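Take a look at the structure below.
Just so you know, all these numbers are worked out from the coordinates, no wet-lab data involved. Model, not experiment: these values are computed from the prediction. Backbone-built Cβ (ideal geometry, glycine too); neighbour counts: all protein chains shown.
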Amino acid sequence: MPDIKSKPLIVIKGLLFMAIVVGASIGVMCYCPRLEVLGLLLVLIWASARSYYFLFYVLEQYVDPKLKYTGILDLIKNLRKQ
């Protein structure tokens, strides 16, 4: 699948991901409305964002500039080849 080049489409894609996060969080909170669950959801969202930043920015910028990949599965394939 080719990369998205359109800036409006990239923004829409980001907003759709945010809608999934919000929708899933609301669904979990409706299923189990407790403060502990809300806290765990907030930690999960924060840690997921940080790990994504680490995988797709920090590794390339600070560890190995040649380490470029399109996703987690592509990263695993590249690491297995080394």
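Per-residue answers, yes or no, for (1) over 30 Å from Pro2 (Cβ atoms); (2) hydrophobic (A, V, I, L, M, F, W, C):
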| residue | (1), (2) |
| --- | --- |
| Leu38 | yes, yes |
| Tyr57 | no, no |
| Lys66 | no, no |
| Ile76 | no, yes |
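Within segment 3-11, is there a residue that is surrounded by 11 or more Cβ atoms within 10 Å (Cβ to Cβ), touching a helix residue (DSSP H, G or I) at 6+ places or on another chain (Cβ under 6 Å) and under 22 Å from Lys68 (Cβ atoms)? Yes - at least one qualifying residue is present in segment 3-11. The number of residues in segment 30-76 being of a type in the set (Lys, Arg), surrounded by 11 or more Cβ atoms within 10 Å (Cβ to Cβ) and over 18 Å from Met18 (Cβ atoms) comes to 1.
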